[in-house]
Structure formats: C-alpha cells, structure tokens
C-alpha cells in the first residue's frame with residue numbers, strides 16, 4: 001500500500017504522552033513562519049525560518065504557536081505568522097535538543113530504506129515554505145542527500161502506525177532528531193547507519 005501524503009512540517013512527538021516543552025522567542029516578521037516550521041535564531045536573537053541544507057546552518061526547533069505582543073494566550077486566529085504581522089510577535093518553539101519529531105519523506109531520488117536508519121539528512125520544501133490555508137509548514141525530509149557524514153537531522157526510524165499504513169517509500173513518516181541543533185552542535189558527529 002502506498003503512503004498518503006500529509007505534509008505538516010517538523011511535527012514534535014509528545015514525550016510519554018505528556019506535553020511538548022516549548023520556549024517563547026521574539027519573531028523576525030520579515031518572512032512568514034508556519035506551524036511546525038524548522039526555525040532558528042538570527043543574529044538579532046529573533047526566530048526566523050531555518051535554511052535548508054547542512055551547509056546553511058543549524059536549527060533551533062519547530063514553531064508551535066504564536067502569541068501577541070502582550071504574551072497573551074496562543075492565538076488560534078493566526079494559523080501562521082504572516083510576514084510583517086504586527087500583532088503576533090512571539091513564537092513558541094519546541095527547542096529541546098533531545099526532542100523527537102516526525103518529518104515526511106519527499107519523492108526526489110531513491111526511497112529511504114532500513115539501511116538508512118542512523119544516517120543524516122537535510123530538509124527541503126514541497127513547492128513553498130508553507131500552506132496559507134492550513135497554516136502548516138511544507139518542510140519535508142530531503143532523501144536525495146542522505147549520508148553518514150553531515151546533515152541537519154538524524155534518521156531514527158519510520159513512525160510506527162497502528163494500521164501499518166507507513167511503509168518505506170514516498171511520503172514515509174520518519175522519526176528524526178535535530179543533529180545540527182543551534183544550542184547543542186554535535187561537532188564531528190557522523191552517523192553509522194545499519
């Protein structure tokens with residue numbers, strides 16, 4: 001059975017059924033930020049979208065909610081943070097270096113397999129950085145550059161599905177950990193694979 005495409009970006013896994021820990025940061029509103037968008041801190045200490053590819057930098061975590069300028073409760077009216085938004089100016093980020101995420105595999109290049117567990121990979125986007133209707137990031141796992149020496153994410157395993165509907169191949173949902181975390185850079189970290 002082929003996998004169903006449901007791109008929702010860098011989606012955090014709740015630890016032991018609990019809450020995903022998040023911290024709040026000021027937003028750089030020069031570009032739009034979507035839910036579950038891979039983000040990083042810029043030179044001004046503000047959250048901005050992370051750049052695809054391990055040559056382009058680290059990742060702090062994923063954007064999980066947006067708050068108003070008074071640090072009020074997360075605003076459901078902001079499905080994403082539009083560029084130049086002056087109302088939602090804080091971003092809640094799942095920024096724990098040990099946080100695990102689900103990231104959907106793209107369709108370019110050869111499909112990932114069991115032998116890729118433990119390898120490193122970067123992310124890319126499907127068309128645009130995010131969907132303005134759903135507010136979800138379009139970040140996906142870039143399987144065309146999977147290797148054992150560098151990458152933004154460590155591939156841990158495919159996500160197990162109770163109905164078995166997550167096979168290796170296009171749109172496989174992978175459990176990943178940030179390898180190039182902005183607050184905990186793993187210098188010299190290489191993956192061994194299986």
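The values are calculated or read from the model by the stated rules, or taken from the named source; none is laboratory data. The structure presented is a predicted model; accordingly, all values stated were derived computationally and were not measured. No Cβ is skipped: glycine too gets one built from the backbone with ideal geometry, and neighbour counts run over all protein chains shown.
See the values below:
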quantity: Test for residue 63: is it closer than 22 Å to residue 43 by Cβ and within 18 Å of the chain's Cα centre (by Cα); calculated: yes
quantity: Residues within the range 119-170 that are part of a loop (DSSP other than H, G, I, E, B) and touching a helix residue (DSSP H, G or I) at 6+ places or on another chain (Cβ under 9 Å), tallied; calculated: 4
quantity: Residue identified as part of a loop (DSSP other than H, G, I, E, B), loosely packed, with under 13 Cβ neighbours inside 10 Å, free of Cβ contacts under 8 Å to residues at least 60 places away in the same chain and on the phi > 0 side of the Ramachandran plot among 110, 84; calculated: 84
quantity: Leading residue by the ranking (farthest from residue 106 (Cα to Cα)) among those in the range 25-54 that are surrounded by fewer than 17 Cβ atoms within 10 Å (Cβ to Cβ) and in contact (Cβ under 8 Å) with a residue 40 or more places away in the chain; calculated: 26
quantity: All positions within the range 84-95 that are modelled with pLDDT under 95 and touching a strand residue (DSSP E or B) at 6+ places or on another chain (Cβ under 9 Å); calculated: 85, 87, 88, 89, 90, 91, 92
quantity: Unmet criterion (only one of (1) at pLDDT 90 or above; (2) touching a strand residue (DSSP E or B) at 6+ places or on another chain (Cβ under 7 Å); (3) loosely packed, with under 14 Cβ neighbours inside 10 Å) for residue 98; calculated: (2)
